[in-house]
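**Student:** Have a look at the structure that comes next, please.
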Amino acid sequence: MITRAPILDRLAALADPTRSRLLLLLDGHELTVSELCAVLQLPQSTVSRHLRILSDEGWVASRGEGTSRWYSMAPAQLEPGARELWEVVRAQIAETPSAAQDARRVAGVVAQRRTRSQLFFATTAAEGWDHLRAEMIGTRADLLALLHLLDERLVVGDLGCGTGHLAAALAPCVARVVGVDESRQMLAAARERLAGAAHVELREGTLEALPIADAELDVAILFLVTQFVPDPAAAMREVRRVLRPEGKLLVVDLIEHDRTDYVLQLGHVWQGFDESQMAAWLGDAGFHGCRWHELPPDPAARGPALFACTARR
Ligand SMILES: C[S@@+](CC[C@H](N)C(=O)[O-])C[C@H]1O[C@@H](n2cnc3c(N)ncnc32)[C@H](O)[C@@H]1O
């Protein structure tokens, strides 16, 4: 029995003017069937039939995305002989007038895609995009991504870490996160949230006597914890001890407010803070370069507005 060389099947698939035109288009562009129909000016049934033959013989690969299927040439799955064969055929057909027409039309089709996306942004307007963006990616993705701009060598203290929200967000982006909290129950919940997370250490302790060595941290974060601390200036002095020289402090908390419901529910010592009070405590503790920023309110949040205050050791 004579064994038929696989290259002959590849050759047979290629030996058709429409299929070689198709392949020339797909060698360089990823296109849908309807785009190929527009370029070749052929009916869909014809294009699909030829695509099937090219796919069966390994010349073309496809992938589904949404409701469309995208086709492209598949050089990776071709043996070297087939690639050489295509080089020879391509050199011949690329010079034909129909190839020149196809090249012009495919440029138009690709440009039309861009126009379609521009039309989408022009017609949905900003509000539509904001809604779709939130639906697609939620409200935290951009901020979580921006955390990767942090220096990956940083050691960060999440002081009053609670159930570990911040530690979980920071851990993939820095060298180490040290979470400290005085509540065993909160630490147990943090342990559960952070199970399997690398580079996180959780320690039981207070802000007033941190279980952290002198100058162990590059950054200290106090997120919604200062409101529970009776003597913030003393706590800030202790936080300064565990920061390296020029290490950075971030305090995020509530701006002075009149929401007694939260004060009663959570047992706050302070009913929010104002800028001069915070700056005075940080100055007394030896911090410098204090900067106060009011955070834009999240439309979904029902509590008082927040500030973010930064300072250097
Ligand atoms: C409102 S929670 C905030 C937790 C976390 N930072 C967050 O943003 O989700 C306050 C946390 O601070 C802790 N805490 C309050 N006073 C503290 C202190 N003096 N020392 C250490 N932890 C304290 C509480 O146990 C609680 O877990």
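**Student:** Please specify each residue of the stretch 1-33 satisfying the condition of being in a helix (DSSP H, G or I) and open to solvent by 80 Å² or more (accessible area, probe 1.4 Å).
**Tutor:** 6, 17
**Student:** Which of the residues belonging to the stretch 145-163 are aliphatic (A, V, I, L, M), within 16 Å of the ligand (Cβ to nearest atom) and open to solvent by 20 Å² or more (accessible area, probe 1.4 Å)?
**Tutor:** Residue satisfying the conditions is 147 alone.
**Student:** While we're looking at this one, here's another question. Just for the stretch 182-240: of the residues that are among the polar types (S, T, N, Q) and farther than 24 Å from residue 310 by Cα, which one is farthest from the ligand (Cβ to nearest atom)? Before you say what the answer is, go through the steps one by one.
**Tutor:** Let us first name the residues in the stretch 182-240 that are among the polar types (S, T, N, Q), namely 183, 185, 206, 226-227.
Next, only the ones that are farther than 24 Å from residue 310 by Cα stay: 183, 185.
Values: 183: 4, 185: 8 Å.
Filtering the stretch 182-240 for residues that are among the polar types (S, T, N, Q) and farther than 24 Å from residue 310 by Cα, the one farthest from the ligand (Cβ to nearest atom) comes out as 185.
**Student:** For residue 176, indicate whether it is under 11 Å from residue 200 (Cβ atoms), open to solvent by 60 Å² or more (accessible area, probe 1.4 Å) and away from the ligand (no atom under 13 Å from the Cβ).
**Tutor:** Against the criterion (under 11 Å from residue 200 (Cβ atoms), open to solvent by 60 Å² or more (accessible area, probe 1.4 Å) and away from the ligand (no atom under 13 Å from the Cβ)), residue 176 qualifies.
**Student:** Mind checking whether some residue in the stretch 273-282 is outside any helix (DSSP H, G or I) and touching a residue at least 60 places away in the same chain (Cβ under 8 Å)?
**Tutor:** Start the filter on the stretch 273-282 by keeping residues that are outside any helix (DSSP H, G or I), which leaves 273-274.
From what's left, touching a residue at least 60 places away in the same chain (Cβ under 8 Å): none.
Scanning the stretch 273-282 turns up no residue that is outside any helix (DSSP H, G or I) and touching a residue at least 60 places away in the same chain (Cβ under 8 Å).
**Student:** Another one. Restricted to the stretch 200-248, and to residues that are among the charged types (D, E, K, R) and touching a Gly at 6+ places or on another chain (Cβ under 6 Å), which residue is surrounded by the fewest Cβ atoms within 10 Å (Cβ to Cβ)?
**Tutor:** For the stretch 200-248, the residue satisfying everything is 240.
**Student:** Right, another one. Looking at 222, 264, which one is without any contact (Cβ under 8 Å) to a residue 40 or more places away in the chain and either of a type outside the set (D, E, K, R) or under 19 Å from residue 162 (Cβ atoms) (or both)?
**Tutor:** Going through 222, 264 in turn, just one is without any contact (Cβ under 8 Å) to a residue 40 or more places away in the chain and either of a type outside the set (D, E, K, R) or under 19 Å from residue 162 (Cβ atoms) (or both): 264.
**Student:** Right, here's the next one. Mind checking whether some residue in the stretch 58-69 is modelled with pLDDT under 90, part of a helix (DSSP H, G or I) and not polar (S, T, N, Q)?
**Tutor:** No, the stretch 58-69 has no match at all.
**Student:** I've got another one for you. Taking residue 246 and the conditions (1) within 34 Å of the chain's Cα centre (by Cα); (2) farther than 19 Å from residue 174 by Cα, which numbered condition does it fall short on, given that it satisfies the others?
**Tutor:** (2)
**Student:** Continuing with this model, one more query. Do we find that residue 123 is open to solvent by 90 Å² or more (accessible area, probe 1.4 Å), at pLDDT below 90 and over 22 Å from the mean Cα position of the chain (by Cα) in this structure?
**Tutor:** So residue 123 fits the description; yes.
**Student:** From the residues in the stretch 183-197 that are small (Gly, Ala, Ser) and assigned to a helix (DSSP H, G or I), which one is surrounded by the fewest Cβ atoms within 10 Å (Cβ to Cβ)?
**Tutor:** Among them, the one singled out is 188.
**Student:** While we're on this one: Restrict the check to the stretch 286-302 and report whether at least one residue is outside any strand (DSSP E or B) and crowded, with 19+ Cβ neighbours inside 10 Å.
**Tutor:** yes
**Student:** Condition test on residue 252, is it under 20 Å from residue 287 (Cβ atoms), within 13 Å of the ligand (Cβ to nearest atom) and modelled with pLDDT of 95 or more?
**Tutor:** Working: under 20 Å from residue 287 (Cβ atoms): yes; within 13 Å of the ligand (Cβ to nearest atom): yes; modelled with pLDDT of 95 or more: yes.
Taking the combined requirement at face value, the residue satisfies it.
**Student:** Could you list, in sequence order, all residues of the stretch 56-67 that are loosely packed, with under 12 Cβ neighbours inside 10 Å and over 16 Å from residue 16 (Cβ atoms)?
**Tutor:** Once the filter is applied, which keeps residues that are loosely packed, with under 12 Cβ neighbours inside 10 Å and over 16 Å from residue 16 (Cβ atoms), the stretch 56-67 yields 63, 64, 65, 66, 67.
**Student:** Oh, and also: Within the stretch 34-55, take every residue that is part of a loop (DSSP other than H, G, I, E, B) and open to solvent by less than 90 Å² (accessible area, probe 1.4 Å) and give me the one that is modelled with the lowest pLDDT.
**Tutor:** So, considering only residues that are part of a loop (DSSP other than H, G, I, E, B) and open to solvent by less than 90 Å² (accessible area, probe 1.4 Å), the one modelled with the lowest pLDDT is 42.
The values are calculated or read from the model by the stated rules, or taken from the named source; none is laboratory data. On a predicted model such as this, the values are computed, not experimentally measured, just so you know. Positions of Cβ are backbone-derived with ideal geometry, glycine not excepted, and every protein chain shown enters the neighbour counts. Quick note on the areas: whole protein, heavy atoms, side chains included, nothing else; ligands and nucleic acids left out. Shrake-Rupley method; radii C 1.70, N 1.55, O 1.52, S 1.80 Å.
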